[in-house]
1. Work out the charge dipole of region 82-147 with +1 on the Cβ of Lys and Arg and -1 on the Cβ of Asp and Glu about the Cα centre, then indicate which of Ile101, Gln137, Tyr113 is farthest towards its positive end.
2. Please label the shape of region 111-185 as rounded, prolate or oblate, based on the square roots a ≥ b ≥ c of the eigenvalues of the alpha-carbon gyration tensor (a/c under 1.5 means rounded; beyond that, a/b larger than b/c means prolate, else oblate).
3. Quick one: putting +1 on the C-beta of Lys and Arg, -1 on the C-beta of Asp and Glu, what dipole do you get for region 69-127 around its Cα centre, in Debye to the nearest 20?
4. Determine the sum of side-chain charges near Arg210: Lys and Arg each +1, Asp and Glu each -1, restricted to other residues whose C-beta is under 10 angstrom from that of Arg210.
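Quick note: the coordinates plus some simple rules give every number you see, no bench work behind them. Bear in mind the structure is a predicted one, so any value in this text is a computation, not a measurement. Heads up, the Cβs are rebuilt from the backbone with ideal geometry, glycines too, and the neighbour counts pull from every protein chain shown.
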Amino acid sequence: MGLFGFGKKKHKDEDVAEPEDKAAETAVEAADDAEEAQPGVFAGRGDTTGPWDVDDENIPDYDEYLDIGSLFLPMIPMQYENAALRLKADRASNAVVGAVITVGNSSLELEAYAAPKTMGLWDDVRADLLEANKEAQEIDGTFGKELLLPVHLQNGTVLTRIVGVDGPRWMLRGIFAGKAAVDGEEQKDVLDEYFTKIVVARGEEPLAPRDMIPMHPPITPAQRRAMAEQAEAGENGEGAAEIPGQPKGPFNSDHQTEVKTTLSRGPMFSEVR
């Protein structure tokens, strides 16, 4: 079984041959794209690059991803020290409202937001952040327009890199901290690649732009398969398994949160206890 995709898998008709002239044209276009692309520079969501939407035509399989509602999260590179997944929870409701990936001395905080149907959200959010944070600096980064923002703590200053990628009716925001905010660092490359593998599940729930897309406690691949079997068998009387702890939503970004350190569970991820 591959590292990707539980649920929606796209397969092209293998019996339909591509015309030779069309194949040649496709090869030429791919070569042109390869010449224009710069290593380490995000070319935007497309046929071969994420972050992905669950309805993307060419989405990789995500069988072994961890399901936390708005996001399906891939395997963490466990060869790095302190590699782990932690979940942010609302202090009052204990609802999951964010995820933090840690690799070595770096972290990546993830949140997905609802966006308008006809336009992206990142340009407006980035402008608001620039206006609210005088120390923020806009740069041309791995994922297009990014922000560098120093965060002052009691024991020093941490540089963060704020990234936003627009998808269909959603925006995925990533806050890279530590070495992941600095060009030329291996941990930056590792977490940049991780970011491109994430799958976003917007859902059909009515949400206003900038509402956080609801998350729920983590569901492992094994649990997801068991739930699918239960739904198929109709054991719950309605033909669908209930997701434990699923919030009603919507959420906004004003929740007071705490980061719950999680326990390691095998080579893939950690989970809330």
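1. Of the candidates, Ile101 comes out farthest on the positive side.
2. The shape class here is prolate.
3. Charge dipole of region 69-127: 120 debye, to the nearest 20.
4. Values: positive: none; negative: Asp124, Asp128, Asp211.
With Lys, Arg at +1 and Asp, Glu at -1, the net is -3.
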